[in-house]
């Protein structure tokens, strides 16, 4: 996680920031998703359910740091759900918040 760090943000009061410059096309974050059954999702505490997203009908619990990537209508990364990564769609400067458009989630 040395290329990014968790700081202040809007999602659970946290956000993810670049610890160095990224170029357009760079992999910024590799996800470590935990697949969940519907029952496992429903049994999670409410404060953990906010970090669950549905992709292609499957629930996934997001881990740190990817759970704290804030949504933006003008993001600097996109979600590559096949490779489970956030990829830079523009150059990102050190200290800049990492954002994505989470509207691609099923839920």
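The values are calculated or read from the model by the stated rules, or taken from the named source; none is laboratory data. Nothing here was measured: the structure is a model prediction, and the numbers come from that model. Here the Cβ is made from the backbone with ideal geometry for all residues, glycine too, and neighbour counts use every protein chain on show.
Looking only at residues that are in a loop (DSSP other than H, G, I, E, B) and under 13 Å from the mean Cα position of the chain (by Cα) in the stretch 52-72, which one is nearest to residue 5 (Cα to Cα)? The selected residue is 65. Close contacts from the stretch 13-32, counting a first residue that is in contact (Cβ under 8 Å) with a residue 12 or more places away in the chain and at negative phi and a second that is buried (at least 19 other Cβ atoms within 10 Å of the Cβ) and assigned to a loop (DSSP other than H, G, I, E, B), with Cβ to Cβ under 8 Å and a gap of 6+ residues or different chains, come to 15/69; 16/65; 16/69; 29/65; 29/69.
Considering only the stretch 37-51, I want to know if a residue exists there that is assigned to a strand (DSSP E or B) and either in contact (Cβ under 8 Å) with a residue 60 or more places away in the chain or surrounded by 12 or more Cβ atoms within 10 Å (Cβ to Cβ) (or both). Checked the stretch 37-51: no residue is assigned to a strand (DSSP E or B) and either in contact (Cβ under 8 Å) with a residue 60 or more places away in the chain or surrounded by 12 or more Cβ atoms within 10 Å (Cβ to Cβ) (or both). Only one of the numbered conditions (1) over 18 Å from residue 8 (Cα atoms); (2) modelled with pLDDT of 95 or more; (3) under 9 Å from the mean Cα position of the chain (by Cα) is not met by residue 79, and that is (2). Check whether at least one residue in the stretch 58-67 is buried (at least 17 other Cβ atoms within 10 Å of the Cβ) and within 19 Å of residue 93 (Cα to Cα), and report yes or no. So far as the stretch 58-67 goes, yes, one or more of its residues are buried (at least 17 other Cβ atoms within 10 Å of the Cβ) and within 19 Å of residue 93 (Cα to Cα).
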